[in-house]
1. For Ala190, are the conditions met, namely being of a type in the set (Gly, Ala, Ser) and in a helix (DSSP H, G or I)?
2. Can you run down the residue pairs with Cβ atoms below 8 Å, 6 or more apart or on separate chains, where the first is in region 115-138 and in contact (Cβ under 8 Å) with a residue 24 or more places away in the chain and the partner is among the acidic types (Asp, Glu)?
3. Taking the options Arg239, Arg283, Arg248, name whichever one is closer than 20 Å to Pro92 by Cα, at pLDDT 85 or above and basic (Lys, Arg).
4. When Leu528 is evaluated against the numbered criteria (1) surrounded by 20 or more Cβ atoms within 10 Å (Cβ to Cβ); (2) closer than 21 Å to Pro342 by Cβ, which criterion, by number, is the only one it fails?
5. Is one or more of the residues making up region 490-507 β-branched (Val, Ile, Thr) and surrounded by 17 or more Cβ atoms within 10 Å (Cβ to Cβ)?
6. If I filter region 317-329 for residues that are surrounded by fewer than 20 Cβ atoms within 10 Å (Cβ to Cβ), of a type in the set (Lys, Arg) and outside the structural domain of Glu109 (by TED's automatic domain parsing), do I get at least one hit?
7. Does Gly311 count as among the small types (Gly, Ala, Ser) and buried (at least 19 other Cβ atoms within 10 Å of the Cβ)?
8. Between Leu479, Leu528, Leu519, Leu514, which is closer than 30 Å to Arg299 by Cβ, in a loop (DSSP other than H, G, I, E, B) and either at pLDDT 85 or above or not polar (S, T, N, Q) (or both)?
Amino acid sequence: MNPPSSPPGAPPPAPPPRGGPPRAVLVGVGVAVLVAVAAGAYLIGRRSGPSSGPATTGPTVSGGTGSSTGSVLQALPPAPDKPTKMEVPTEPVAPAFWVDVYSPGKVREALTGNAWLKDELQKPLGKGFVGGWAAFLDTRGEELGASFKGAVFDVMAGQLLAAPFRVVWFSGETRAGTPAIIIPEPGNAAVAAFESMHGVVRRAEMTADSCPGGEAEVPSGGFKLERWLVAEQGLWAARTDDRMVFARHPAVVLQGLCEPHLELEAPQNVDVELGFAPEPLGREMQLLTHVVGVANGIRLQFAVEGNRLVGRGISGPVADEPRLDSAPFSESLLKLVPAETPVLLALQLKLPEKLDQNTLKAFWSGKGGVGALRTRQVAMVWTPRGDANLPSEVALLWGQPEDAEALGQLFSGPNKMETATLCGHHVLASSPDVLTRVRRACEGQGPNMLNAAAPVVQGLRAQGSVSFGVNTGRLLGTLMADGYWSQQQTDSQKPRPNAAPPEIEAARRELETLPYIGLRGTVDGDKLVPGGFGS
């Protein structure tokens, strides 16, 4: 068994359409999606807004018809005469992870009122995130000859996404790597906005008479999907009696239409929530949840405070016999974790006093007879990379050095690991460089988590069972820089420059000013009680 490495690349996207995911449409999901990245999904950069200044309220869809038929409308191809039939995937799909936005208005106002975000949207960093979707969202109803006034952004963010909605990524061979946006109870204003867009930007139609795998009920007449096209950017959409669905690909829209009925009920003081299903996310996630003893239903919770999204904590059910204990994390552990660590997962893990493969197998299978249990303080420090060709950068920090021999047997896979005893912990690192960073933090030659912001240190010192910390600035800055270099063609004739262009370095520095977000869950009976912290 080896520490997790970078997740495998997504399979080829499902057929026809072109275009990128509607990043600017995903107002209110940005920071929550960022945490999904840290959880292992690399879902970043889905946060943006209109370049002409975000609106906090949507326009009113009027009954009249716009009179303008300018260049935008003239450039659109004609509306379809006859829909085409979709080839429905035969494999059933399931949600892998999702973000529930319970308070879209609060989240949107927080983002549009955030000074950092507004400033960045005028710089190359923000404009790069929005990309070609800026023209789509800035197009006005008057230019389209539509029944609404104002920008498309106002209609989509102010009306279509005014009710609680879910952003979901699906599993399966036909997944396209992009999410579906599902609005389960859209309301009259959203229906009117949908119809106003449908009337002027619908440029292709598809029908589907079944669900993937044939596992869900289909309305009489089947599903009807349509492609909206504005400023050369396309978005697939569909509406039924009980929901609306938007996505980049028609196959993903169909998956969203076939999902069972959603009831988005917000927990108290929670505005955004992230959930996941271990099975579709691969063996590593299944193993982690099994070892920790948490059941399906774990959620990462967030709330809006002013113009910030803050962590509320980790909630959900645990196994009948909890494998997590509750205790403060030691000073020696915090001293061992480098301050620049993008992702930190720390556990108070109950394990048999004697560690070997047979004892652990019996313990995790619930067969009993393993003798006394002992709480181990365990942490994983991880630096996700934005280039699949770069090696994994992960270290496991084990609070009992006397378990070193047993750990050597457990982590005896093909990937050689570097080991050392540092700050009272046994350390297993994926590379010499990672071990050196941990060593420097322990010896005080570099900043460690005891040098972090006071609220972060206080949150990590608090009583807890599992803590999940994301240095959002460091994470996004590293991923962006890696992504840039991965796109550069270098060889012996054209060696890699010593530094990135000034605008890339400036963007990285801007990202690195983002805060630290911490989430904590503490076992109480059969559940985790959430708690949050951050800078």
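1. The answer is yes for Ala190.
2. From region 115-138, the pairs are Glu120/Glu510; Lys123/Glu510; Pro124/Glu503; Leu125/Glu510; Gly126/Glu120; Gly132/Glu232; Ala135/Glu232.
3. Arg248
4. Unmet condition: (2).
5. yes
6. Looking through region 317-329, none of the residues is surrounded by fewer than 20 Cβ atoms within 10 Å (Cβ to Cβ), of a type in the set (Lys, Arg) and outside the structural domain of Glu109 (by TED's automatic domain parsing).
7. yes
8. Among Leu479, Leu528, Leu519, Leu514, only Leu514 is closer than 30 Å to Arg299 by Cβ, in a loop (DSSP other than H, G, I, E, B) and either at pLDDT 85 or above or not polar (S, T, N, Q) (or both).
The values are calculated or read from the model by the stated rules, or taken from the named source; none is laboratory data. Every value quoted in this text rests on a predicted model; they were computed, and no experiment measured them. Glycine also receives a Cβ, built like all others from the backbone with ideal geometry; neighbour counts cover every protein chain displayed.
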